[in-house]
1. Can you say whether A31 is in a helix (DSSP H, G or I), touching a His at 6+ places or on another chain (Cβ under 8 Å) and either among the charged types (D, E, K, R) or touching a residue at least 24 places away in the same chain (Cβ under 8 Å) (or both), as far as the supplied structure shows?
2. Do you know which residues across the range 71-85 are touching a helix residue (DSSP H, G or I) at 6+ places or on another chain (Cβ under 7 Å) and surrounded by fewer than 19 Cβ atoms within 10 Å (Cβ to Cβ)?
3. Just one of the numbered conditions (1) under 30 Å from L16 (Cβ atoms); (2) in contact (Cβ under 8 Å) with a residue 60 or more places away in the chain; (3) aliphatic (A, V, I, L, M); (4) not in a strand (DSSP E or B) is not true of V142; which one?
4. Suppose we filter the range 1-40 for residues that are under 26 Å from L126 (Cβ atoms) and among the hydroxyl-bearing types (S, T, Y); how many remain?
5. Taking T47 as meeting all but one of (1) surrounded by fewer than 22 Cβ atoms within 10 Å (Cβ to Cβ); (2) part of a loop (DSSP other than H, G, I, E, B), write down the number of the exception.
6. Which one is nearest to A242 (Cα to Cα) among residues in the range 115-149 that are small (G, A, S) and exposed (fewer than 14 other Cβ atoms within 10 Å of the Cβ)?
7. From the list T185, T152, which residue is modelled with pLDDT of 95 or more, among the polar types (S, T, N, Q), touching a Ser or Thr at 6+ places or on another chain (Cβ under 6 Å) and surrounded by 15 or more Cβ atoms within 10 Å (Cβ to Cβ)?
Amino acid sequence: MKNQPDIRIYPNLSALEDAVAQHFLLATTQAVQQRNHALIALSGGSTPLGLFHLLGGDAYRTTLPWQQIHFFWVDERCVPPQDEQSNYGQFKKNVLDLLNISDKQVHPIDGALPPEQAADRYQEMLRSWAEEGQELPRFDWVLLGMGNDGHTASLFPGQTHSLILQRAVIPVTADYDGRPAQRVTQTPLILNLARQVVFMVSGKAKAERLREVLQGDPDPLRLPAQRIQPVEGRLVWMVDEAAASQL
């Protein structure tokens, strides 16, 4: 693998959530100081729910530069925002609804559209955030998770189609954990431009796969999390002791 990742291990999920929240605070504060805004891309799933509760709570309400953060989504299921499977909906319920965040700062993938149309529209919107002379924006902080199969975002094992290399956002059909879904996902083409990428991984069920991703031979077709290698940014793996038990 190209970069030597920064691996940080925490005793339990609660300590992991605290550490990721602190990392988010530092990254957003630094971005706002340097560029007057922070561009953040978030993932969903079960692992970051506690983190989202933390960010929406009293401890971070007054410390984060909320009015200068712009929120984007790494991937989304093609469901309405009220659906419990909506990544945007989960963050809205746990964070955005509790804070005075302008709609102009929130940039969800439209899960009500057909996947191809939603992907096209999201890619065009992202391009409008690119710095001068660039085609795509550089996120200041990206939050990723990893599934038991080594997937990240909605990049799943066995995906070979060239769109992953050609487009920043693609439609995906996937059946993960017996839950078939139409999805839209950002690809490594844009994720690897980020200034900082944080993988948040918890639980013993992911230990063997985490070892393969971090210490095994490069096999991104089978282990899509290996596709994430920021070109000029930092890659940080923040994991609890259960997930790290085979490292």
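1. In short, yes.
2. P81, Q82, D83
3. Here V142 clears every test but (4).
4. 2
5. The single condition T47 does not satisfy is (1).
6. S128
7. T185
Residues checked against (1) modelled with pLDDT under 95; (2) closer than 17 Å to V239 by Cα:
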{"position": "N3", "(1), (2)": "yes, no"}
{"position": "H23", "(1), (2)": "no, yes"}
{"position": "Q33", "(1), (2)": "no, no"}
{"position": "Q85", "(1), (2)": "yes, no"}
{"position": "K93", "(1), (2)": "yes, no"}
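The values are calculated or read from the model by the stated rules, or taken from the named source; none is laboratory data. Bear in mind that the values here come from a model prediction, so they are computed numbers and not experimental data. Cβ coordinates were reconstructed from backbone atoms using ideal geometry, including for glycine residues, and neighbour counts include every protein chain displayed.
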